[in-house]
Structures are given as structure tokens and as C-alpha cells.
Amino acid sequence: AYNSGGYSSYSNQAVAVVSGSLPAAPSQLAIARVTTTSIKLTWKDNSTNEQGFYIERSVNGGGTWTRIATVGINVKTYTNTGLARNTTYSYRVQAYNSAGASAYSNVATGKTLR
């Protein structure tokens, strides 16, 4: 700090430590079932320390991604409902915990039925 009288002495140092480790990325993301308005995803949970999974979707072939859902620990499926007919969607999944998020899974792409 400082004022017209000069500068103060320095404060103590602060150190932040992130405890724990990032969860392992999910793998084998696949389209399990497709209807006219929904796509069901499945994946392999490779982590033993996740708090859940983030599901992201792209409607432009992976140009931009939007998080559409968060599911809990040990969940390995998600059904995306309310989709447009005859439309292609791409998905990816991340595991997360208090230390952060894993790398992304592979991308799975599916097209809703007419």
C-alpha cells in the first residue's frame, strides 16, 4: 500500500495448492440409440475420483461446443431429448472433480431419424 507518506512493507506471501488429481478422461463414447427426437450416449468411466461428467454437444461438426448436461458420479449414459428430426449432432464428455476437468473423450456423432 502507499500514500503521500510513502510505501508500506510487503505483506506475507500466499500460496495456493490444488489438492487431488484430475480424473481420467472417459473413453469409448458411442451412440447407443437414436430416435426422431433423441440420442442416447454411452461411455466408459476410466476414473476412480470423478464427481461427475460434463456432456457437450456440437451442431456444426465440432466448430463450437455447448455444455448441455452434467451427470453424477459413476453415470455412464445420457439421453439427449428434444432434438430436431433428421439432424446431425456431435458429442464429447469430460469427467470432473474438485481439481478440475479431465481431457475430453472421443467425439461421437449421430443423426436423428426422419
Determine the gain in length on full extension of the stretch Ser11-Thr35; use 0.36 nm per residue of separation and subtract their C-alpha separation, reporting nm with one decimal.
-> 2.5 nm
Using 7 Å Cα-to-Cβ label points, what is the Thr66/Tyr104 separation (nm, one decimal)?
-> 1.6
Taking max minus min of the Cα coordinates of the chain on each principal axis, largest first, gives extents in Å of 76, 34, 19
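Here, each number is a calculation from the coordinates, and none is a lab measurement. Note that the structure is predicted; figures quoted are calculated from it, not measured. Reconstructed Cβ throughout: ideal geometry from the backbone, glycine too, with neighbour counts over all protein chains shown.
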